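Q: Pasting in a structure now, in structure tokens, and then I'll have a few things to ask.
What follows is calculated from the coordinates using simple rules that are stated; it is not laboratory data. Not measured: the values here are computed from a predicted model. Positions of Cβ are backbone-derived with ideal geometry, glycine not excepted, and every protein chain shown enters the neighbour counts.
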Ligand SMILES: NC(=O)c1ccc[n+]([C@@H]2O[C@H](COP(=O)([O-])OP(=O)(O)OC[C@H]3O[C@@H](n4cnc5c(N)ncnc54)[C@H](OP(=O)(O)O)[C@@H]3O)[C@@H](O)[C@H]2O)c1
């Protein structure tokens, strides 16, 4: 099925996130779960794409770029230099960079601060819903109004020996 994605700027903004039932995404600058199938999903969706994420998420990635992707990191620190990463001080600059390099989609990888700031501009979301409540998280995905979005696909997987929690891959498209 084809969907029309509202996109007046030639660049689709796509959020990708794994989030618990209570909107938790992390604790102590790390993920709260290890779900190998979600890591594969993440790699498939982001491969060869421009990606943008916050400086704390860069720290969580051991300050190394994700291979096979155009890495952009948001920071207010003008001194930051990291090999293999384009450092930007403004989300708008990340968008302009992606457009200038000929990309039509920019993937937002988090974390909590960056999701909160970019959600109003997002056209599409890949949400891996992790079916568990994590009480002691310290990073969260912002609440969003489901009325503003179409849930266009949802595939649920059960917990198994490699996955401690059940999880659902959801695709959301913003209503025009
Ligand atoms: N579950 C998931 O899918 C997922 C995905 C990604 C991350 N995470 C988790 O999320 C947590 C990290 O999230 P977080 O909210 O603490 O941090 P974050 O969003 O990764 O990064 C925050 C940093 O981004 C920079 N920043 C924020 N707004 C900016 C702006 N408007 N302009 C320029 N720079 C800006 C600042 O860097 P400076 O301080 O350097 O100025 C700020 O400290 C970790 O636990 C991580 O594991 C989870």
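Q: How many residues does the range 132-154 hold that are within 14 Å of the ligand (Cβ to nearest atom), touching a strand residue (DSSP E or B) at 6+ places or on another chain (Cβ under 7 Å) and part of a loop (DSSP other than H, G, I, E, B)?
A: Adding up the residues that qualify gives 6.
Q: Now for a separate question. Could you check how many residues of the range 96-117 are within 13 Å of the ligand (Cβ to nearest atom) and under 11 Å from residue 50 (Cα atoms)?
A: 3
Q: Residue pairs, Cβ under 8 Å, 6 or more apart or interchain, first in the range 74-98 and over 24 Å from residue 11 (Cβ atoms), second within 7 Å of the ligand (Cβ to nearest atom) and assigned to a loop (DSSP other than H, G, I, E, B). List them.
A: Note: pairs meeting the criteria are 78/89.
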